[in-house]
Amino acid sequence: QVQLVESGGGLVQAGGSLRLTCAASGIIFRIYTMGWYRQAPGKQRELVASITSDGNTNYADSVKGRFTISRDNAKNTVYLVMNSLKPEDTAVYYCNAPHPWFGAKSGYWGQGTQVTVSS
């Protein structure tokens, strides 16, 4: 069974930092682009950051310069380091392994981890 398990969410004050971890199993991790998405109450799920199998990264404009995505293929793990957190970063954060042809929604998703940033 394919499984993506997020961890590291929690409550943090504005300006603080948090590191999210996604542990993957059941996929050939090294060949997958991996992504972090987030969804706030009443809003659509949005892409936060992605990283290709060879380490190329992309970020949403809202997090560029504050968040860093990385991966460790030996551990089948992807990370999201979040610095200078803002209240608007509050959301459930999801790990995603997109389908290479049909996109993220047709791929695999973790259960999500809650990030709450207080003002």
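The values are calculated or read from the model by the stated rules, or taken from the named source; none is laboratory data. Only a predicted model underlies this, so the values are computations on that prediction, with no experimental measurement involved. Using ideal geometry, Cβ is built from the backbone for each residue, glycine included, and neighbour counts are taken over all protein chains shown. Side chains are part of the model used for accessible areas, which takes the heavy atoms of the whole protein and leaves out ligands, DNA and RNA. Shrake-Rupley method; radii C 1.70, N 1.55, O 1.52, S 1.80 Å.
Karplus-derived 3J(HN,Hα) values for the stretch 96-107, using 6.51 cos²θ - 1.76 cosθ + 1.60 with θ = phi - 60°, are 9, 10, x, 5, x, 9, 9, x, 5, 4, 8, x Hz; glycine and proline are entered as x. Stretching the chain fully between Ser62 and Ser84 yields a gain of 6.7 nm (0.36 nm per residue, less the alpha carbon separation).
Close amide H contacts of Thr90 (hydrogens built in the peptide plane, cut-off under 5 Å, sequence separation of 5 or more or a different chain): Val117. Backbone geometry of the stretch 76-91 corresponds, through the Karplus equation with coefficients 6.51, -1.76 and 1.60 at θ = phi - 60°, to 3J(HN,Hα) couplings of 6, 9, 10, 10, 9, 8, 10, 10, 6, 5, 10, x, 5, 7, 4, 4 Hz, x marking Gly and Pro. Remark: the chain carries 55 Å² of accessible area per residue (probe radius 1.4 Å; ligands, DNA and RNA excluded). Taking amide H as placed 1.01 Å from N in the peptide plane, Gly16 has its amide H under 5 Å from the amide H of Leu85, each at least 5 places away in sequence or on another chain. 3J(HN,Hα) along the stretch 5-16: 10, 8, 8, x, x, x, 9, 9, 7, 3, x, x Hz, from the Karplus curve 6.51 cos²θ - 1.76 cosθ + 1.60 with θ = phi - 60°, whole Hz, x for Gly and Pro. Ignoring lysines fewer than eight residues from Lys86 along the same chain, the ones with Cα atoms less than 21 angstrom from its Cα are Lys43, Lys64. Using the Cβ-Cβ distance between Gln114 and Ile28 with R0 set to 25 Å, the FRET efficiency from 1/(1 + (r/R0)^6) comes to roughly 0.30. For the chain, the equivalent ellipsoid derived from the alpha-carbon gyration tensor has semi-axes of 23, 14, 13 Å in decreasing order.
Split the accessible area of the stretch 36-119 by element, probe 1.4 Å, and carbon with sulfur accounts for 48%.
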